[in-house]
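The values are calculated or read from the model by the stated rules, or taken from the named source; none is laboratory data. Everything quoted here is computed from the prediction, not taken from an experiment. Note: ideal-geometry Cβ built from the backbone for every residue, glycine included; neighbour counts use all protein chains shown.
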Amino acid sequence: MDIAPYAEACGQARHWARTALSDWAHPGDVDNALLVVSELVTNAVLHACSPIRACLNLHTDNTLHLAVYDGGPAARAATPRTPHDEHGRGLDIVAALTAGHGRDAASSPFRSRTWATLTAS
């Protein structure tokens, strides 16, 4: 799914993912999968340059792999995080809900790929 870098992107990505998981009859925790989709898409919209694309793959062992591709980090000043901040915990949430996650380089027109793997419980 190609994603426009606007606030509505997260809702659209969740709807797209919910439809795919329903079509596939995914046996895993759909709410957790949608939260991971939301967090990774939000990070791309807020912190990366366009273009943005989300991909879902369901493997034969019911492992769900999500990848969000983007144009790489946007130029923004880093701000320190405090325990009382309302933002900045997205990757902590992703880490808690997934079997693994990471970020690596991607081929053109993208520069970066953030991925997460969820296992069926």
*Within the bounds of the stretch 49-59, is there any residue that is at pLDDT below 90 and in contact with a strand residue (DSSP E or B) (Cβ under 6 Å, 6 or more places away or on another chain)?*
no
Flagged in the stretch 34-68 as touching a helix residue (DSSP H, G or I) at 6+ places or on another chain (Cβ under 8 Å), under 16 Å from residue 104 (Cα atoms) and not hydrophobic (A, V, I, L, M, F, W, C), in numbering order, are 43
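Rundown of residues vs (1) loosely packed, with under 12 Cβ neighbours inside 10 Å; (2) in contact with a Pro (Cβ under 8 Å, 6 or more places away or on another chain); (3) outside any helix (DSSP H, G or I), yes/no style:
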| position | (1), (2), (3) |
| --- | --- |
| 6 | yes, no, yes |
| 9 | no, no, no |
| 12 | no, no, no |
| 19 | yes, no, no |
| 27 | no, no, yes |
| 40 | no, no, no |
| 53 | no, no, yes |
| 68 | no, no, yes |
Taking the stretch 34-48 and keeping residues modelled with pLDDT of 90 or more and among the small types (Gly, Ala, Ser) leaves 38, 44
When residue 31 is run through (1) modelled with pLDDT of 90 or more; (2) within 14 Å of residue 110 (Cβ to Cβ); (3) loosely packed, with under 14 Cβ neighbours inside 10 Å, the failure sits at (2)
Scanning the stretch 77-121 for residues that are of a type in the set (S, T, N, Q) and modelled with pLDDT of 75 or more, the one surrounded by the most Cβ atoms within 10 Å (Cβ to Cβ) turns out to be 114
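So which residues in the stretch 32-55 are aliphatic (A, V, I, L, M) and without any contact (Cβ under 8 Å) to a residue 40 or more places away in the chain? Spell out the reasoning first.
Just the residues of the stretch 32-55 that are aliphatic (A, V, I, L, M), to begin with: 33-37, 40-41, 44-46, 48, 52, 54.
Those that are aliphatic (A, V, I, L, M) and without any contact (Cβ under 8 Å) to a residue 40 or more places away in the chain: 34, 37, 41, 46.
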